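The values are calculated or read from the model by the stated rules, or taken from the named source; none is laboratory data. As the structure is a prediction and not an experimental result, all values here were calculated from the model. Methodologically, a virtual Cβ is constructed for each residue, glycine included, from the backbone with ideal geometry; neighbour enumeration extends over all protein chains shown.
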Amino acid sequence: MKNKVLRAYLEALKEDEELDKIFPLLLRVMNFRIVSTPKHSKGMSQYGKDIVAIGKDDEGLIYRWYFELKGNAAKDINDKTFNAPDGVRDSILAAKDTIYEDSSIAKFNALPIKIVFVHTGILMENTRPQFDGFIKHEFPHGGFERWDIDKLVALFAQYLFNDCLLADEESARLFKKILVLIDAPGWDTKDLDTLIDLQLASCPVDNKKRRQIAQCFAALNLLLAIIYQYAQTENNLLPAKKASDRMVLKIWAWMLRNHKECNAYYVRSFSPIVHFHLHIYNVYMNKLLPIAMMKQGLYMFHNATVEKLCYPLRCYDFMNDLLYYVFSTTVFRKMDNSRKYREEVLNTIMMVIKHNPGFNMPLLDTHSITWLLLIRYVYLQEHNPKIEQEFAEWIGRMISNIILRKRKDNMLPELYSNRAELVRSLYEKSPEYQDRSSLLLTTLVEIIAWLNADEMYKIIASFIRESGVNLQIAYPIESTELEVHLFEHRLNQEMSVEVNIQLPETLDEFKKQFRKKYNHIPLRTEKSIFAHLLLLAHIHYETDLFPDFLNFGFLEALK
């Protein structure tokens with residue numbers, strides 16, 4: 001089974017982005033030291049050297065290795081691919097004729113060279129005489145290897161599947177089940193979670209066991225890559241996005257629990273998985289964003305009754321994904337953080353909101369997370385009256401819809417974000433539907449005060465008093481396990497709640513009286529290169545953002 005899965009996966013890899021990403025993982029596990037990858041030479045001629053590495057051959061001799069990768073349409077060596085411009089022959093000659101040197105690595109330039117042509121296909125028999133004659137002529141004393149699909153399957157199986165990913169019967173069973181059910185409606189990550197936990201349980205916490213550490217992280221990356229490929233084949237990237245979320249959150253929780261978040265080797269091993277996670281988000285957003293920007297683009301017309309719930313939920317879920325991706329790439333990683341780009345992003349976000357009325361109806365109390373993420377991003381930009389006006393108008397529409405839904409259906413946003421109870425209340429409010437308290441409405445009042453919208457305040461304050469809803473604020477309880485738990489599950493027992501917040505008559509009085517007394521809780525993730533994962537944890541587990549995530553002017557330090 002594993003060889004069939006591996007072969008199908010490797011044969012479908014494209015040279016760019018896919019084969020380039022996965023092959024270095026194998027080399028690291030094989031104890032090669034990577035010197036250069038396609039990422040380092042993006043946009044430059046590589047002269048038949050996609051990857052340069054230092055490593056030993058089967059006889060234990062150290063070489064300077066040049067790997068040329070070919071996949072997808074060029075994976076098979078035939079008469080066409082061998083003789084084509086920049087084809088097999090040209091690539092091998094370029095690797096041989098152009099020497100790669102690096103004086104910063106001791107004795108590197110003096111090492112003998114070995115060239116490896118790596119392709120996810122086969123050598124066609126009618127081309128073999130020409131190919132073999134060419135290699136004999138150009139490499140009369142050796143120094144050349146060809147790794148085809150059979151060789152790659154054997155290596156991946158030996159170094160990542162046999163020893164790690166499918167090391168026991170339970171892991172093999174879970175792996176098969178994940179691939180079979182990945183495109184099933186309502187797919188959850190329970191089996192994936194268990195498989196990840198099994199892998200991490202076998203991962204050493206001893207820094208000296210580098211090969212086993214590299215194997216574990218590379219195997220998890222390979223697992224995500226295979227899930228991603230299956231999702232692409234089914235033209236449904238949502239399972240791959242969910243799988244990548246779970247994987248980075250669970251691995252980071254494990255690293256925090258074992259105090260490896262500052263260990264250079266663990267961080268370096270984890271980084272490719274995070275990069276792949278963001279690559280999946282990039283592909284996902286590029287696919288869905290043009291649709292979301294259309295008039296009611298996130299609406300599905302097949303069942304208008306169910307869409308009363310599904311449309312708003314879909315809108316908020318999509319916006320969370322979009323905002324997380326924007327924060328991750330522009331704010332934390334600064335991939336493109338120019339003023340022009342930020343303005344384009346803001347205009348795109350507001351267009352998605354404007355064209356999708358589902359944003360006007362928050363149904364879950366944790367939909368306030370989306371509001372705060374959006375305002376945080378607006379906060380980071382220069383003053384933009386047009387955007388601020390559009391934002392204020394959106395808040396006004398939400399207030400109207402919250403009031404109308406309460407008066408018509410006697411329902412406010414569900415306190416615990418229980419989607420099952422929301423569905424049960426589609427026609428008649430379920431006895432288990434909880435909306436007697438609200439953190440969302442407290443956040444809404446803060447936003448209104450930030451906007452200095454006096455009329456909005458009068459309307460919402462009057463409505464809150466009329467409805468009798470209990471306004472609340474959630475505070476995290478500081479503990480040694482708080483941060484680890486944040487990345488493992490939704491925080492409940494780890495939070496304390498201030499209740500029975502009373503609103504004064506006027507906005508001016510609210511500004512003078514309302515305060516959230518809270519001291520910042522330092523988190524190790526904040527100081528790491530993976531700080532953006534904090535946002536993912538709050539979004540994924542629907543844990544309310546901590547009070548100091550966004551200060552509207554009401555935060556007061558505890559004495």
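Okay, residues lined up against (1) more than 27 Å from the chain's Cα centre (by Cα); (2) of a type in the set (Lys, Arg):
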position: Gln434; (1), (2): yes, no
position: Ser438; (1), (2): yes, no
position: Leu441; (1), (2): yes, no
position: Lys458; (1), (2): yes, yes
position: Phe463; (1), (2): yes, no
position: Leu482; (1), (2): no, no
position: Thr506; (1), (2): yes, no
position: Glu509; (1), (2): yes, no
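Residues are listed down the side, and each one gets a yes or a no for (1) out of contact with any Lys or Arg (no Cβ under 9 Å at 6 or more places or on another chain); (2) part of a helix (DSSP H, G or I); (3) crowded, with 18+ Cβ neighbours inside 10 Å:
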residue	(1), (2), (3)
Phe131	no, yes, yes
Leu152	no, yes, yes
Ser171	yes, yes, yes
Lys177	yes, yes, no
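Taking Ala167, is it among the hydrophobic types (A, V, I, L, M, F, W, C) and not in a loop (DSSP other than H, G, I, E, B)? Against the criterion (among the hydrophobic types (A, V, I, L, M, F, W, C) and not in a loop (DSSP other than H, G, I, E, B)), Ala167 does not qualify. Please determine whether any residue of region 453-463 is under 26 Å from Leu491 (Cβ atoms) and either basic (Lys, Arg) or in the same structural domain as Glu498 (by TED's automatic domain parsing) (or both). No, region 453-463 contains no residue that is under 26 Å from Leu491 (Cβ atoms) and either basic (Lys, Arg) or in the same structural domain as Glu498 (by TED's automatic domain parsing) (or both). Among the residues of this structure, Ile539 counts as one that is touching a residue at least 24 places away in the same chain (Cβ under 8 Å), assigned to a helix (DSSP H, G or I) and not basic (Lys, Arg).
Suppose the filter is in a helix (DSSP H, G or I), closer than 18 Å to Asp317 by Cα and touching a residue at least 12 places away in the same chain (Cβ under 8 Å); does Leu441 pass it? Criteria not met by Leu441. Among the residues of region 369-401, those that are farther than 24 Å from Ile473 by Cβ and either among the acidic types (Asp, Glu) or in a helix (DSSP H, G or I) (or both) comprise Glu382, Pro385, Lys386, Ile387, Glu388, Gln389, Glu390, Glu393, Arg397, Ser400. Within 21 Å of Ala537 (Cβ to Cβ), part of a helix (DSSP H, G or I) and polar (S, T, N, Q): does that describe Thr366? So Thr366 fits the description; yes.
Filtered by the rule that a residue be surrounded by 12 or more Cβ atoms within 10 Å (Cβ to Cβ) and either farther than 27 Å from Lys250 by Cα or of a type in the set (Ser, Thr, Tyr) (or both), region 469-496 gives Val469, Asn470, Leu471, Gln472, Ile473, Tyr475. When the residues of region 511-559 are filtered to those that are closer than 25 Å to Val445 by Cα and among the acidic types (Asp, Glu), which remaining residue is nearest to the chain's Cα centre (by Cα)? Looking at residues that are closer than 25 Å to Val445 by Cα and among the acidic types (Asp, Glu), I get Glu542. Taking every residue in region 506-531 that is among the small types (Gly, Ala, Ser) and pairing it with any residue that is part of a loop (DSSP other than H, G, I, E, B), at least 6 positions away or on another chain, the pairs with Cβ-Cβ distances below 7 Å are Ser528/Glu261. Based on what the data block shows, is Ile521 of a type outside the set (D, E, K, R), surrounded by 15 or more Cβ atoms within 10 Å (Cβ to Cβ) and assigned to a loop (DSSP other than H, G, I, E, B)? Yes; evaluated as a whole, the condition is true for this residue.
When Leu404 is tested against (1) in contact with an Asp or Glu (Cβ under 7 Å, 6 or more places away or on another chain); (2) assigned to a helix (DSSP H, G or I); (3) over 24 Å from Leu249 (Cβ atoms), just one condition goes unmet, and that condition is (1). What residue, among those in region 9-25 that are on the phi < 0 side of the Ramachandran plot, in a helix (DSSP H, G or I) and surrounded by fewer than 19 Cβ atoms within 10 Å (Cβ to Cβ), is modelled with the lowest pLDDT? Checked region 9-25; the qualifying residue modelled with the lowest pLDDT is Asp16.
Taking the residues in region 104-125 that are in a loop (DSSP other than H, G, I, E, B) and more than 37 Å from the chain's Cα centre (by Cα) as candidates, determine which candidate is nearest to Ala8 (Cα to Cα).
Met124
Scanning region 418-432 for residues that are assigned to a loop (DSSP other than H, G, I, E, B) and surrounded by fewer than 20 Cβ atoms within 10 Å (Cβ to Cβ) yields Asn418, Leu426, Tyr427, Glu428, Lys429, Ser430, Pro431, Glu432. For the subset of region 446-468 comprising residues that are surrounded by 16 or more Cβ atoms within 10 Å (Cβ to Cβ) and among the small types (Gly, Ala, Ser), which member is nearest to Gly553 (Cα to Cα)? Of everything passing the filter in region 446-468, Ala449 is nearest to Gly553 (Cα to Cα). Kindly indicate whether any position in region 479-496 is under 21 Å from Met411 (Cα atoms), in contact (Cβ under 8 Å) with a residue 60 or more places away in the chain and either out of contact with any Cys (no Cβ under 6 Å at 6 or more places or on another chain) or outside any loop (DSSP other than H, G, I, E, B) (or both). Scanning region 479-496, I find no residue that is under 21 Å from Met411 (Cα atoms), in contact (Cβ under 8 Å) with a residue 60 or more places away in the chain and either out of contact with any Cys (no Cβ under 6 Å at 6 or more places or on another chain) or outside any loop (DSSP other than H, G, I, E, B) (or both), so the answer is no.
The residue list Lys354, Lys308 contains one member that is under 27 Å from Trp450 (Cβ atoms), part of a helix (DSSP H, G or I) and assigned by TED's automatic domain parsing to the domain that holds Ile447, which is Lys354.
Within region 107-124, restricting attention to residues that are in contact with a helix residue (DSSP H, G or I) (Cβ under 7 Å, 6 or more places away or on another chain) and of a type outside the set (Gly, Ala, Ser), the residue that is surrounded by the most Cβ atoms within 10 Å (Cβ to Cβ) is Thr120.
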